[in-house]
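Read-outs throughout are calculated quantities, based only on the coordinates presented, and are distinct from any laboratory measurement. Since this is a predicted model, take the numbers as computed values, not measurements. Cβ sites come from the backbone with ideal geometry, for glycine too, and all protein chains shown count toward neighbours.
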Amino acid sequence: MSRLEAKKPPLFISEPLTKDAVSQSLSLLSGILKSCYGPAGRLKQLHNGMGGYVCTTSQSSAILGRLSVSHPVLSVLTASVQNHISRFSDCGLFTAILCCSLIENFKSLNVAPCTVLKISKHLLSLCMDYLKSEACGCRVSVDFSSVETLLCLVRSVLTSKPACMLNKPEVDHLTTLILKAFMFTVPCHVETNAVLGKCVIVPVKGRRVADSTVLPGLLIETTEIHLANPLTVKRTCSNLVKVALFCVSMAGDLSNPEEGTITVHHGISLEMLELNQLLNIGKQLVSDEVGLVVCQKVIHPSLKQYLKENHVIALDRAGLCLMEPLSQMTGSKPIASIHLLSPSCYGSLKDVSIESFASKHFVHLIPKDTVVCSLILCNRNETAWDELKRACETAEHVLQLTIKEPLALLGGGCTETHLASYIRHKSCSLSASSFKDMDCSRTQYQLVADGFCRSLESVACSLNHDGGEILTDTVYGHCWFVPSGFPSVSNWSDLVSKCGCGINGNTENLNWRLLQGQFGSPVIQGCPEAPSVKVVDFLTLDCFVAKCSGLQVALETANLILDLSYVIEDQN
Amino acid sequence: LPMAFRDVNARRHIGLQQLSSLALAGRTLLGPMKSCKFIVDESTNQSTLICSALRLIESLDLTSAAGQLLNETIQAQNKEFKTGMSTLLFLVGAWSNAVLECLQQNVPVSAIVSVMSEGLNSCCERVQCLQISIHDVNKELCSSSVRPNTFKSVTCQIGHDCLLNPQIFLYFQKEISAPEVIPMNSCSHQEDDCNFNKCLASSLGGFGSIASLVKPVGDKSTSVISGSGVIASSCNKQKLTHSRYFSTIAKSRFSSQQDNFQGYLSGQPADPCECYGLGHLAMTLSHGNQTSMKLLQSIVAYQQERAECSGSSQLNIAEIVTCCLLGLPESYSCVSPGFVTLVSPEQATVIKYFEDKPLRILLMDGDLTEQYRHLGFNRSCNVRTILEHPSLQEGRAGDLWLNSMLDILISFEVNLVLVKGKVCENLMERCIANTILVIGSVTRDVLCAFGEVTSAQPVTYLTQLNTSCVGSGAYAELWKACDGRAMDLGELVPIRIKVRGIPLLTAVLTTAVASKMQLIEDQFWTLVYRLHHALNDKKVFLGGGAVELLCLSHVQMLANKNAVKDFHNPWLAAPATEYKSVVLQALASGWKQYLSVVMCNTAKAASELEACTSVDYHLKKAADCGSPSAYILKEFRRDDLLGGGFGPFIDHREGLKVYDNVTAKTEAWRRALDLVLLVLQTDAEIITGPKRKQLLNSHVSSEFMFL
């Protein structure tokens, strides 16, 4: 007997943003994310409270990935930030913090949401046009003929994640390795559509960071006790190693046992039949002069024994994520059946050798010319290793994005303050016809623009975690930091040394002023200049594409959330 | 939804307090004189005896996030080095406290982080001047061996558990398979010093598979060295002239026993330093752990003899296994060539049938059961087998498998099967009945070693077997204790499997106290790995607190010198200079506490206050002398540092220095500091998963914020 229950009516929540619970949660989330930001950011321990694995991190990808939020408004926010992260890896915290700030600042304005929307869209387009113009004062072009700017980009990513627990020599070492690994993935001979290769991260946990290294080709871990140390491998007449790559299980179990029942007569062993089929494949591999067999899954021990007796190296459990680079590197097509073998599937390698790191043994597959490499990544403990891995992946991704658009933005808060002073300058000099187009008054425009600028500046301020003051200068519009403990009346030029990105030093009087605490009286100022010096070592740089997207995503998400008038919750 | 959030109070950082209180329990485990601890489980009233930071952490309740991270850090250090865990644990506690004090003084977190990690870096560079190469350690031995008094006093003081004198040049012969009894009374009357005689004999025992029971000459009974694998055979007379004791003994005894000993000299190594070196190095790294050191020296001597031709002086860890025998006194511990393991009495009976016959050996790298399939094999559950013409003659399916497996073993004339995993009990019984010895749970390294010398190829299934897979030339026998009697320890019997030329050595660890077993095994491996790492590093640190003292003096110098480091990152740089001296003092306090606690633990100081005074005295002297490292080096040479080294050899000032591992030590420091700084920089815990609901309803819910 089943009991029917009446459906509950859906719950309507109007004007969700005006609810206390929502704004509390929003400011809590904003607080968590702001406290993570930058090289001095605070870390979060994510764990289940019952003695499980503890993830110590300050990266948005790790935090948002594990966080599940209760309110749909927050879900909208986290979802769009995560979407940004999945596309660009970098600038996740920037996007999330900016979005929270925009919501907070715009909400407090007494301007109709639709007007805010129009004005902010205009502001965004001002920003994007400026960032994409040659005149932009907060971007540098990346010269691929020298490594300096590339090193700066990678270093900035690594130093902004304090939970990696790297000291200065370790940062330098890894920075070089990551760049080296990236260089391996750039093809030497570029045809019409060049495809970047892949860098595979090989975990070696418990070792010193300085033990990390990068090798061309791929490493497959092996625990085989039969592998003799000097590896002898069968070669073809052209002195290459012929490779067969299997993506199907060769474990000898039934391949498709999902549905239905198989009925067999007593005395017939399906296992034996499968094994015989495998051994037939083995015979063909041997007669085709294959020197190396790699299987994504497991190879039956009997087949392994057979191959070994015929001097063919068999490697199994390569794993799904190695399959694509493997086939890219060897030029072989993954074989998906143990019944059909076409000789056209085979690929080739230059050499095979054995490498050992810590207590792990690997078979090193060395290609002819490589676009695939392995980064053997070491860090002392698990939680720091995981953080470092995420940082390295981000850095690789940033380099990939940069090769497509060879530009970088000044980091350390300077782009944010510079953009803010640019917008402040621009919004004063806008013609009356523009306001008419947007259907708003000059005051309204000024209000929204000020909120927008304050949001940008609050992102820069989030870099500061230990008290002290944040300044900006009126010449370049860069961001400067003064440690706590100094009286605020003293001459700023005595206290500042370098701006956030490191491009400007304290050499001329730049007319500093406090970044915060000038609400209501926006300073009328000239257009911020581009710094005179263009190339300096040890700049803090951000990925251009990622930051531009972050800016757009933050504004669009903020507008979407501000525009929410109802939340309809299905209670069944 | 699952997420709770707790602010870690900035000034009184909860995480750091947790670390500090966890580490407090490990204070007495620091240094060479450790006090053991009983850990009692209140719910079951069961207790365990622990004597290392690793086992302590394993037995503590670590549900807090900081506790988990501490556990992870200690485990990582153990996995990598097997030593330095107590140092790590202690420094975690000391630095947590020091950092908490910095927070009390309102030092910004970023200043603590950058100054401390720069400070540690600088120290690690500074203490490089206290490293000496392995070669120099050996040279030191050569120069000190000119003074025979050193060794005489040491060997005699320690009595029965005497040090193995590295001057005895021993060669081993592996081919003797039958136990031999060597009467010793014929020569022992020549030497009046019965104490010394004992020493020598048991040092011989340490060298080979043999242990020895030597009775004082006075009671006229026969002294016996028994053993089966290796026997000490010959002496290098030239070297032995350094010591009159050894030369007389050696000549009189060994020359008269030529027939029994079949000794041979396999050519003299070019550099005498190299060949004694490892034994001496093991001694300096042992920090007073006699039993383990004796075993390790035997292993080293054996491996060196094997490697003589290749000339390498490396320690091969993969060729060492341990076998724990409960119920024998600790003095029975010894090293046996080959593989010693425990089997059931039924299995042991098979050995009697083997006699001295060479065995055909089979290696299996999985389980030996009917159900076992190689890893990654998916059993399909939707296969139905139908039997059309049932006949009563056929037995059950299980018997079918048993019979066919047994047939395979018999047809290939296999006598001995070493299995990596489990063994089916029925098959085991049937094998015993057919005089086939099957041993389960054999490690990979052991299988490898047997595979190499017997040319057996490991298989996963017996059906894979062909003639090339089966090896030959193995011998099995009951393992015999030093007094020659075969051991029957109740439920399990130790047996020994050997093959001619097998590099495998088993350290048989014995104790009569069950709760000490784990402890003894841990200590043995710690020492083995210390030597291993020393050889890998190719250098060692001066021990006995020298390194820590130099760190202390270096940090104090840094604190006074107001050098502004040029940080390239303005977000980390600015606050550093102002608080530098406070933070560096905090870093220094870790080592200072370390030194004073070690001094208290080793009873070099009556109280921590006294210890601190002594440390301060040395620091001042070091600073006054202008070059602290020169001062420390000088004092170390004189063994005058902090009450004469931390070793137990207080009375033997000369010759026996204490050394530490380089990488293991600096890595322990770095890991400890990393952990403290990682926890320090954490400002919130985010709890996800089902625990969140419990928190919401619990009394501590006010501590949390919910998203």
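Given the stretch B:390-538, what count of lysine pairs have C-alpha atoms under 24 Å apart, with each pair 8 or more places apart or on different chains? Please report the intermediate quantities before stating the final value.
Working: B:Lys420/B:Lys498; B:Lys422/B:Lys498; B:Lys480/B:Lys498; B:Lys480/B:Lys516.
Taking the stretch B:390-538 as the scope, the lysine pair count is 4.
In this simple spin-label approximation, B:Asp537 and A:Glu508 carry label points 7 Å from Cα along the Cα→Cβ vector, and these lie 5.4 nm apart. Listed by chain and number, the lysines whose alpha-carbon sits under 18 Å from that of A:Lys234, ignoring those within fewer than 8 places in the same chain, are A:Lys242, A:Lys283, A:Lys304, A:Lys308, A:Lys350, A:Lys368.
Just the Kirkwood number for the stretch A:284-396, please: inverse of mean 1/r across all distinct Cα pairs, in Å, one decimal.
Working: mean 1/r = 0.0621 Å⁻¹.
So the Kirkwood estimate lands at 16.1 Å.
Compared with the direct C-alpha span, the chain from A:Ser27 to A:Cys321 gains 102.0 nm at full extension, assuming 0.36 nm per residue. When only Cα pairs below 8 angstrom with a gap of at least 6 residues are kept, chain A shows a relative contact order of 26 percent. Under the combined filter of DSSP loop state and at most 12 neighbouring Cβ atoms within 10 Å, the stretch A:175-254 retains these GluC sites (Glu not before Pro): A:Glu191.
In which sequence would A:Thr507, A:Thr402, A:Thr213 go, from the one with the fewest C-beta neighbours within 10 Å to the one with the most? Could the numbers behind the result be given before it?
Values: A:Thr507 8, A:Thr402 23, A:Thr213 18.
Least crowded to most crowded, the residues run A:Thr507, A:Thr213, A:Thr402.
Under the criterion of Cα pairs below 8 Å and six or more residues apart, the relative contact order for the stretch B:397-556 equals 14 percent. Here each label is just a point 7 Å from Cα along the line to Cβ, and for B:Asp356 and B:Ser515 those points are 4.6 nm apart. Positive end of the dipole of the stretch B:481-551, charges at C-beta (+1 Lys, Arg; -1 Asp, Glu), about the Cα centre: which of B:Leu505, B:Ala546, B:Leu527 has its Cα farthest in that direction? It is B:Leu505.
May I ask you to compute the full-extension gain from A:Ile366 to A:Val190, defined as 0.36 nm times their residue separation minus their alpha-carbon distance, rounded to one decimal in nm?
Details: separation 176, 0.36 × 176 = 63.36 nm, distance 2.09 nm.
Gain on extension, A:Ile366 to A:Val190, equals 61.3 nm.
Annotation for the stretch A:92-162: GluC sites (Glu not before Pro) lying in DSSP loop with at most 15 further Cβ atoms inside 10 Å of their Cβ are A:Glu134. Note on B:Gln585 and B:Thr467: the model spin-label points, each 7 Å out from Cα along the C-beta direction, lie 8.3 nm apart. Computed about its Cα centre, the charge dipole of chain A is approximately 180 debye, with only Lys, Arg, Asp and Glu carrying charge at their Cβ.
Under 16 Å from a label point set 7 Å out along the Cα-to-Cβ vector of A:Lys168, the amide N atoms of the stretch B:72-113 belong to B:111-113. Take the Kirkwood radius over Cα pairs of chain A, plug it into Stokes-Einstein at 10 °C and 1.306 mPa s, and you get 58 µm²/s for translational diffusion. Fully extending the segment from A:Lys283 to A:Thr261, taken as 0.36 nm per residue of separation minus the present Cα-Cα distance, adds 4.8 nm.
With +1 on each Lys and Arg Cβ and -1 on each Asp and Glu Cβ, how big is the dipole of the stretch A:295-450 about its Cα centre, in debye rounded to the nearest 20? Spell out each step's value before the answer.
Working: 16 positive and 16 negative charges, 45 e Å.
Dipole size: approximately 220 debye.
Computed per residue of chain A from DSSP H runs no shorter than four, each worth -39500 (n - 2.57), the mean residue ellipticity at 222 nm is -13500 deg cm²/dmol.
Two tests apply to each whole DSSP H helix in chain A, Cα reach of 15 Å or more along its axis and mean Kyte-Doolittle hydropathy of at least 0.5, and the ones passing both are A:20-36, A:72-88, A:92-107, A:113-132, A:148-159, A:320-330, A:544-562. Among B:Thr688, A:Thr56, B:Thr613, sorting on how many other beta-carbon atoms sit within 10 Å of each Cβ, with the fewest leading, yields B:Thr613, B:Thr688, A:Thr56. Legend: ranking of residues B:Asp616, A:Asp351 from fewest to most surrounding C-beta atoms inside 10 Å; resulting order B:Asp616, A:Asp351.
Along the axis of the charge dipole computed for the stretch B:17-152 (Cβ charges of +1 for Lys and Arg, -1 for Asp and Glu, origin at the Cα centre), the listed residues B:Leu22, B:Ile112, B:Ala53 are led at the positive end by B:Ala53.
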